[in-house]
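Read through the structure below, which is laid out as structure tokens, and then see the notes.
The values are calculated or read from the model by the stated rules, or taken from the named source; none is laboratory data. None of the values given here were measured: they were computed from a predicted structure. Positions of Cβ are generated from backbone atoms using ideal geometry, with glycine treated the same way; all protein chains shown enter the neighbour counts. The protein model used for the area step is the full one, side chains on, heavy atoms only, and it has no ligands, DNA or RNA in it. Shrake-Rupley method; radii C 1.70, N 1.55, O 1.52, S 1.80 Å.
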Amino acid sequence: MQPDNLISLKDDMVAFIAGHGMRRLQGYVSDEVPAVLFEEVDSDSWKDFVEHAKAAGSPFITMSEVVLEKPDIVALLEHLREQSFPDNDSPEIDEVQSLIQFVGKTGYLQIGFPYQGVMFLYETATDWYDRFQQLMESMTELGGIIVDDGDPDE
């Protein structure tokens with residue numbers, strides 16, 4: 001069963017990376033960077049990933065985390081309420097409100113290392129974080145829709 005807070009996993013990663021004599025660089029690797037995503041085989045696959053980084057001679061591993069913050073939920077709720085006005089009973093609003101229980105929890109971790117111009121990445125996320133991301137992406141997509149209520153004969 002996947003936990004709803006990845007803070008313990010992060011602590012384990014930090015200790016394991018340091019135990020291998022490697023440094024951590026706080027930083028997120030975006031989708032614009034050429035990357036290979038490490039496929040998780042089991043819950044300890046991240047350890048294999050760190051060992052690959054060491055074997056590749058990487059002096060550091062990048063690390064990024066996302067902790068859910070209340071302003072993130074508030075902004076998402078406000079946007080959803082604007083989109084569903086006057087119907088404030090949409091299921092998405094209830095779903096976002098249920099995410100409040102995860103405020104302060106770590107929902108996403110990414111570690112990576114560079115090798116020959118490519119970033120190798122390991123990512124893991126909680127189920128609630130994945131759903132939060134889906135809601136955020138749908139909010140962004142909806143915000144980009146242009147509604148033309150003009151007369152089609154004009």
Quiz item: Would it be correct to say that residue 6 is touching a strand residue (DSSP E or B) at 6+ places or on another chain (Cβ under 7 Å) and either open to solvent by less than 70 Å² (accessible area, probe 1.4 Å) or β-branched (Val, Ile, Thr) (or both)?
Solution: yes
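Considering region 1-27 alone, what residues qualify as being among the aliphatic types (A, V, I, L, M), under 16 Å from residue 107 (Cβ atoms) and part of a helix (DSSP H, G or I)? Steps first, please.
Residues of region 1-27 that are among the aliphatic types (A, V, I, L, M), as a first pass: 1, 6-7, 9, 13-15, 17-18, 22, 25.
Subset that is under 16 Å from residue 107 (Cβ atoms): 1, 6-7, 9, 13.
7, 9, 13, listed by residue number.
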Self-check item: Options 119, 63: the member that is at pLDDT 90 or above, closer than 24 Å to residue 31 by Cβ and touching a Pro at 6+ places or on another chain (Cβ under 8 Å)
Solution: 119
Quiz item: Only one of (1) in contact with a helix residue (DSSP H, G or I) (Cβ under 9 Å, 6 or more places away or on another chain); (2) closer than 22 Å to residue 102 by Cα fails for residue 64. Which number is that?
Solution: (1)
